[in-house]
Amino acid sequence: MYYACVVVALQIRDVPEDVRDAIAQRAARQGQSVQAYLLDLVQREARMLRNAEAFERTAGSRIVIPDGFTPEQIIREGRDGGFAVDRGAADRGDADPAGAAVAPR
């Protein structure tokens, strides 16, 4: 199957010589051409932007895990039937139905 690919060229004007030299040195240390190095840099930045946007889009669906929970307790809660905070027990200070204590907020 053939996939058409649109290639976009970017050009940066007025790059100071010392900046160009620093980029060329970094690229050479990584065994890359300046073009390959800059393409990796631009792609990494684009991924970070997409990740930040996804993080913001999902901000409303995050749950608050009360202070005092260790990573082990969080994993155990999720594995043993879901987080007590999902069931609203943390707001009331109740115990989890599985018997795990839930720290009140």
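Residue count for region 55-70 satisfying the condition of being at pLDDT below 80 and surrounded by 10 or more Cβ atoms within 10 Å (Cβ to Cβ): 2.
Could you check, for region 26-49, whether at least one of its residues is assigned to a loop (DSSP other than H, G, I, E, B) and modelled with pLDDT under 90? The answer is no; no qualifying residue exists. Of all residues in region 35-52, those that are without any contact (Cβ under 8 Å) to a residue 24 or more places away in the chain have Cβ atoms under 6 Å from Cβ atoms of residues that are part of a helix (DSSP H, G or I), 6 or more apart or on another chain, in Tyr37/Ala27. Does Gln11 meet the test of being over 30 Å from Gly78 (Cα atoms), surrounded by 11 or more Cβ atoms within 10 Å (Cβ to Cβ) and outside the structural domain of Gly78 (by TED's automatic domain parsing)? No, not satisfied.
Of everything in region 50-83 that is β-branched (Val, Ile, Thr) and not in a helix (DSSP H, G or I), the residue that is farthest from the chain's Cα centre (by Cα) is Thr70. Taking every residue in region 71-85 that is modelled with pLDDT of 75 or more and pairing it with any residue that is part of a loop (DSSP other than H, G, I, E, B) and surrounded by 13 or more Cβ atoms within 10 Å (Cβ to Cβ), at least 6 positions away or on another chain, the pairs with Cβ-Cβ distances below 7 Å are Gln73/Ala100; Ile74/Ile65; Arg76/Ala100; Glu77/Phe83; Glu77/Asp96; Glu77/Ala100.
The values are calculated or read from the model by the stated rules, or taken from the named source; none is laboratory data. Here the structure is a predicted model, which is why all the values come from computation and not from measurement. Cβ sites come from the backbone with ideal geometry, for glycine too, and all protein chains shown count toward neighbours.
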